[in-house]
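**Student:** Please read through the structure below; I'll follow up with questions.
The values are calculated or read from the model by the stated rules, or taken from the named source; none is laboratory data. These numbers come from a predicted model, not from an experiment. No Cβ is skipped: glycine too gets one built from the backbone with ideal geometry, and neighbour counts run over all protein chains shown. Only protein heavy atoms, including side chains, enter the accessible area calculation; ligands, DNA and RNA are left aside. Shrake-Rupley method; radii C 1.70, N 1.55, O 1.52, S 1.80 Å.
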Amino acid sequence: MIFRRISKSLRRQDWVTVLIEIGIVVIGLLIGLQINNWNEARVEKQAEYKFLERLHAEIMATQDDLSGFSKIVETRASELEATVRVVFGSDQEVELTGDQCMAMFLSHAYNFPPTDLPTISEILSSGQFNVISDDALRAALSRMGQINARAEKTSDLFNASPLNLPRAYPELIRVDYVLNADGMETAADNGSMVQCDLTGMRLSQAFRNDLTINLERYIAYEALVVDRLRTQFDMIHTELDRVLGHTHEGNAP
Ligand SMILES: [Zn+2]
């Protein structure tokens, strides 16, 4: 329609009208392009928001798992510290508790904490990391990738040369698999029962050396692997809350 009018004006050599009509066409095109740009930006923003919300839910679930996991590690570390005090202590009346004996039995177990984030893995593997527009959050996430990798390496180092006390000192830490009269596992402790010979432990310098080494190693594992990952996830959560405008009233994890 407008083009017919322009050609009519051209034929009449009405240059002012031609210019005005061409101007209208150009402005119309520009407005159309701009609306298109706005739409694209809105769609991208929505996709980013959806992605960040999914990531937020994953981070919260991982923080839950991590917090349960690190409580177990923390308890074992303090049981081990208490155990060392009992074994090295001069008070002959103090006995080892069942939990302390179990802590020695498992003092070489350095499991990797649960830190699975499918959304991040998906984004990293598809090379779409730039979907996140916030620079600080993007930097925090890539730092998390590095810290995760470093924690995995550290954990591998610990696991490469475990000092297994019940294997090295079977006469001092004995494990029995308890079956009931029907030949079935008993309910308690999944059927296994650990017993410690405290007098023997106190008399063996080799055992006391190895117990001290395992305590130091366990504390290092707690600090370098478990705590470091937990701190990192807390930081990512804070960044995500800032970007998404979330608040967790009173009970922020
Ligand atoms: Zn949050």
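**Student:** Per-residue counts of other Cβ atoms within 10 Å, averaged by peptide: what ranking do you get for 228-235, 19-26, 56-63, 161-168, highest first? Walk me through the numbers on the way to the answer.
**Tutor:** Values: 228-235: 18.1, 19-26: 12.6, 56-63: 16.4, 161-168: 14.1.
The packing order, highest mean first, is 228-235, 56-63, 161-168, 19-26.
**Student:** Right, another one. Can you give me the distance in nm between label points at VAL178 and HIS248, each placed 7 Å from the Cα along the Cα-to-Cβ direction?
**Tutor:** It works out to 3.8 nm between the two label points.
**Student:** At a 1.4 Å probe radius, which order do LEU30, LEU137 fall into by accessible area, largest first?
**Tutor:** Final ranking, largest accessible area leading: LEU30, LEU137.
**Student:** Out of the total accessible area of the chain (probe 1.4 Å, heavy atoms of protein only), what percent is carbon and sulfur?
**Tutor:** With neighbouring chains kept in place, the figure for the chain is 56 percent.
**Student:** Run down the lysines and flag those whose C-alpha is under 26 Å from the C-alpha of LYS71, throwing out any fewer than 8 positions away in its chain.
**Tutor:** Reachable lysines: LYS153.
**Student:** Mind jotting down the distance between the C-alpha centroids of region 1-62 and region 114-180, whole Å?
**Tutor:** Here the two parts' Cα centres lie 48 Å apart.
**Student:** Going Cα to Cα from LYS8, which aspartates and glutamates come in below 20 Å? Please leave out same-chain ones fewer than 8 positions away.
**Tutor:** Output for LYS8: GLU21.
**Student:** Extending each Cα 7 Å along its Cβ direction at ILE2 and ILE213, get the distance between those two points in nm, one decimal.
**Tutor:** It is 8.4 nm.
**Student:** Compare the Cα positions of LEU106, MET144, THR119 along the charge dipole of region 101-156 (+1 at Cβ of Lys, Arg; -1 at Cβ of Asp, Glu; about the Cα centre) and return the one farthest towards the positive end.
**Tutor:** Looking along the dipole axis, the top candidate is LEU106.
**Student:** For the chain, state what percent of all Cα-Cα pairs lands in each successive 10 Å bin, counting from 0 Å until the bin that includes the largest distance.
**Tutor:** In order of increasing distance, the bins hold 6, 20, 19, 15, 13, 9, 5, 4, 3, 3, 2, 0 percent.
**Student:** By how many degrees, 0 to 90 and rounded to 10, does the Cα axis of helix 205-221 deviate from the longest principal axis of the chain?
**Tutor:** Tilt of helix 205-221: around 10 degrees.
**Student:** Counting only heavy atoms of protein chains, what accessible area per residue, in Å², does region 2-244 have with a probe of 1.4 Å? Intermediate results must be reported in sequence, preceding the final value.
**Tutor:** Numbers: 14610 Å² over 243 residues.
Value returned for region 2-244: 60 Å² of accessible area per residue.
**Student:** Once you charge only the Cβ atoms, +1 for Lys and Arg and -1 for Asp and Glu, what is the size of the charge dipole of region 2-244 about its Cα centre, to the nearest 20 debye?
**Tutor:** 2040
**Student:** Let me ask something additional. Rank LEU19, ASN39, ILE6 by how far each Cα sits towards the positive end of the charge dipole of region 1-50 (+1 on Lys, Arg Cβ; -1 on Asp, Glu Cβ) and give me just the farthest.
**Tutor:** Value: ILE6.
**Student:** I want to verify the translational diffusion coefficient of region 1-133 in µm²/s; compute it with Stokes-Einstein, Rh as the Kirkwood radius over Cα pairs, at 37 °C and 0.692 mPa s.
**Tutor:** 149
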